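Some notes on the structure that comes next.
Values in this text are rule-based calculations from the coordinates and carry no lab data. Small disclaimer: the values here were computed from a predicted structure and weren't measured. Virtual Cβ from ideal backbone geometry, glycine too; neighbours counted across all protein chains shown.
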Amino acid sequence: KWRMDSFVQKTVEELHQKIGTGRALCALSGGVDSSVAAVLLSKAIGSQLTCVFVDHGLLRKNEGDEVEAVFGKSGTYDVNFVRINARDRFYAKLKGITEPEQKRKIIGEEFIRVFEEAAREIGAVDFLVQGTIYPDVIESGLGKSAVIKSHHNVGGLPDHVDFKEIVEPLRLLFKDEVRAAGRELGIPDYLVDRQPFPGPGLGIRIIGEVTAEKVHIVQEADAIYREEIAKAGIQKNLGQYFAALTNMRSVGVMGDGRTYDYAVVLRAVETSDFMTAEAAQLPWDVLSRVTTRIVNEVRGVNRVLYDCTAKPPSTIELE
Ligand code: XMP
């Protein structure tokens, strides 16, 4: 097994050789892979790299600002950083759409359009950087016969961007090696240890139509859930944990009044490969604290459910 410091050093040198005085463009999602790829490139070619961060308005609470804090002007890296707040565009496209695959398709396509527009403004580049990792390489080679969910990876290939070559500095690494490289590169822990987050983001954690109001509800509920899990220190064995929003409203009572509000669902799974997963047995006191906080702090929610289902037959995400 190779050492990460030598991987980082060797890769930075190779990228420097390869790219020379050329220009590179990277779609930054804020996830681990694209962040590590971007930092490797910044070490190799500095501001010859431009990172485009498309904020589709379907990120977790504060996530956009966290990415900007690391890669933006006052951040730690020597890169050109462009943040595009495309929230309204995505919400407009998603208006009235309830079918999961259609939602994924719209988000994926709109992402590429927004990225292409930004790339056109930046002008021709020599290299397009992709945060592809080894499992992605294998998976796309398998040619799965039945598509259960069409995966959209932020950074999927745009058709109308002018570049000569693709660089994929992580294509031989597994996830834990990518994280190790990220640590070696001094990327903050909260980025390196970030749990997997799907390209279509909260769009597929809201069952049915996506609206600004529902995104806000999920963001707040999810932030509370993550905060309480961190406080309890139980995140270690959890492959993924998040709040999602059902499209079910039910009757509740608050003070003297009747409410008719949404139900939030909490999910937490243990998994080694994300192909199968078990529902995690979270401590009741944690679930209970999260529930109390969500119904008290998040408007529009009067019920909190815990998802006890394994994958299969469920999937990890709700859509
Ligand atoms: P499922 O829901 O299929 O998810 O059990 C398995 C893993 O894949 C992630 N996931 C996605 N990741 N784009 C991504 O980049 C997607 O469209 C997507 N859909 C699911 C999910 O978060 C879990 O880690």
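Give me the distance in nm between label points sitting 7 Å out from Cα along the Cα-to-Cβ direction at His216 and Val253, one decimal. About 2.9 nm, to one decimal. On full extension, the segment bounded by Ser150 and Leu305 gains 53.1 nm, given 0.36 nm per residue less the C-alpha separation.
Taking the chain as a Gaussian network of alpha-carbon nodes connected by springs under 10 Å, the highest mean-square fluctuation of the residues Gln235, Gln48, Gln281 belongs to Gln281. The region of the chain that goes longest without hitting one of the trypsin sites (Lys or Arg not before Pro) in a DSSP loop, each with at most 16 other Cβ atoms within 10 Å, is 4-72.
Think of it as helices only: each DSSP H run of n ≥ 4 in the chain is worth -39500 (n - 2.57), and spread over all residues that comes to -12500 deg cm²/dmol at 222 nm. Once the Cα atoms are used to define both axes, helix 175-184 deviates from the longest principal axis of the chain by about 70 degrees. Taken along the Cα-to-beta-carbon direction at a fixed 7 Å, the label points for Glu139 and Arg289 span 3.3 nm. Divided by 2.2 N^0.38 Å, where N counts the residues, the Cα radius of gyration of the chain comes to 1.03. Phi-derived couplings, Karplus 6.51 cos²θ - 1.76 cosθ + 1.60 at θ = phi - 60°, listed residue by residue for region 40-55: 4, 5, 5, 5, 7, 10, x, 7, 6, 9, 10, 9, 10, 10, 8, 8 Hz, with x used for Gly and Pro. If we count every other residue with Cβ under 10 angstrom of Val265's Cβ, Lys/Arg +1 and Asp/Glu -1, where does the sum land? Counting the neighbours of Val265, the net charge comes to +2. Close amide H pairs (under 5 Å, H built 1.01 Å from N) link Gly199 with His152, Val154, residues at least 5 positions away or on another chain. Computed from the Cβ-Cβ distance with R0 of 25 Å, the FRET efficiency linking Lys164 to Glu13 stands at 0.75. Once backbone amide H atoms are built at 1.01 Å from N, Thr259 has Gly252, Val253, Met254 as its partners under 5 Å, excluding neighbours fewer than 5 places away on the same chain. Checked against a 29 Å cut-off, the cross-linked pairs Lys103/Lys311; Lys95/Lys231; Lys93/Lys236; Lys105/Lys311; Lys10/Lys175 give Cα-Cα distances beyond that limit for Lys95/Lys231; Lys93/Lys236. For the chain, the longest principal axis of the Cα atoms and the long axis of helix 212-232 meet at an angle of about 90 degrees. Within region 240-279, the chymotrypsin sites (Phe, Trp or Tyr not before Pro) that combine a DSSP coil assignment with at most 15 other C-beta atoms in a 10 angstrom radius are Phe274.
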